[in-house]
Amino acid sequence: MEIREFEIMDLLLIKPNRFQDDRGYFMESFQENRYAELISSPFVQDNVSLSKKGVLRGLHLQSPPKAQGKLVQVLRGSVVDVAVDLRKQSPTYGKHICVELSQANGLQFYIPPGFAHGFQALEDDTIFTYKCTDYYSATDELTIRWDDPQLRISWPIVPALTSAKDDLGVLFETFNSPF
């Protein structure tokens, strides 16, 4: 397993070992002992989404005490995945990282609590999965506008296919971070 860190602390790009031959491939997508060395909180919920090309989901987060860390990966297709640092004391507050996750590259992205998260599907029938360190809580859910002008995230497909909820997210300049 290979680990890449970023200039934004605590974000991790993980490349699990993949064993491939003419039949296909095998990989362990999660093994508690190995991941516990990287991620201190246990995972309690798994989610899966199916998206058409151009679908954009985000930027989502949950406020404490229900804040979630997420280990995300693509099982089919590809996405551009984005994490925005919302930790007030962080030197990278308001900065973001974009990574491409795909079935082909097999990468995983760990996003700890204190970050907003979003992704855009680059192919039809993209299957995206994520493990969460806390349970979903509708009353603790927050949304920042995916197209916020201050964040300047360069989404690859415009216009994006978004939900009404995501279009009504708050602007970053008015967001009061609970982290």
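Data table
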quantity	calculated
Top-ranked residue of region 10-24 - restricted to ones that are touching a strand residue (DSSP E or B) at 6+ places or on another chain (Cβ under 7 Å) and outside any strand (DSSP E or B), ranked as surrounded by the fewest Cβ atoms within 10 Å (Cβ to Cβ)	Asn17
The lone exception for Tyr25 - which of (1) of a type in the set (Phe, Trp, Tyr); (2) at pLDDT 90 or above; (3) more than 16 Å from the chain's Cα centre (by Cα) it fails	(2)
Scan of region 32-52 for residues that are free of Cβ contacts under 8 Å to residues at least 12 places away in the same chain and closer than 14 Å to Glu2 by Cα, ordered by number	Glu37
Residue match in region 171-179 (condition: within 17 Å of the chain's Cα centre (by Cα), modelled with pLDDT of 95 or more and in a loop (DSSP other than H, G, I, E, B))	no
Residues (among the small types (Gly, Ala, Ser) and closer than 30 Å to Ile127 by Cβ) located in region 78-93	Ser78, Ala83
Conditions (1) crowded, with 19+ Cβ neighbours inside 10 Å; (2) over 10 Å from the mean Cα position of the chain (by Cα); number of the one not met by Arg76	(1)
Tally of residues being surrounded by fewer than 19 Cβ atoms within 10 Å (Cβ to Cβ) and not aliphatic (A, V, I, L, M) across region 120-131	4
Options Leu56, Leu50: the member that is part of a strand (DSSP E or B), crowded, with 18+ Cβ neighbours inside 10 Å and modelled with pLDDT of 95 or more	Leu56
Any hit, region 126-133, residues being assigned to a loop (DSSP other than H, G, I, E, B) and over 13 Å from Val72 (Cβ atoms)	no
Complete set of residues in region 151-179 that are touching a residue at least 12 places away in the same chain (Cβ under 8 Å), loosely packed, with under 13 Cβ neighbours inside 10 Å and within 23 Å of Tyr93 (Cβ to Cβ)	Ser154, Glu173
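Listed here are the residues, each with its yes/no results for (1) in contact with a Ser or Thr (Cβ under 6 Å, 6 or more places away or on another chain); (2) modelled with pLDDT of 95 or more; (3) not hydroxyl-bearing (Ser, Thr, Tyr).
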position: Tyr93; (1), (2), (3): no, yes, no
position: His96; (1), (2), (3): no, yes, yes
position: Val99; (1), (2), (3): no, yes, yes
position: Asn105; (1), (2), (3): no, yes, yes
position: Phe115; (1), (2), (3): no, yes, yes
position: Leu122; (1), (2), (3): yes, yes, yes
position: Lys131; (1), (2), (3): no, yes, yes
position: Ile144; (1), (2), (3): no, yes, yes
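The values are calculated or read from the model by the stated rules, or taken from the named source; none is laboratory data. What you see is a predicted model, and the numbers here were worked out from it, not measured in a lab. When we count neighbours, we look across all protein chains shown, and the Cβ atoms used for this are built from the backbone with ideal geometry, even at glycine.
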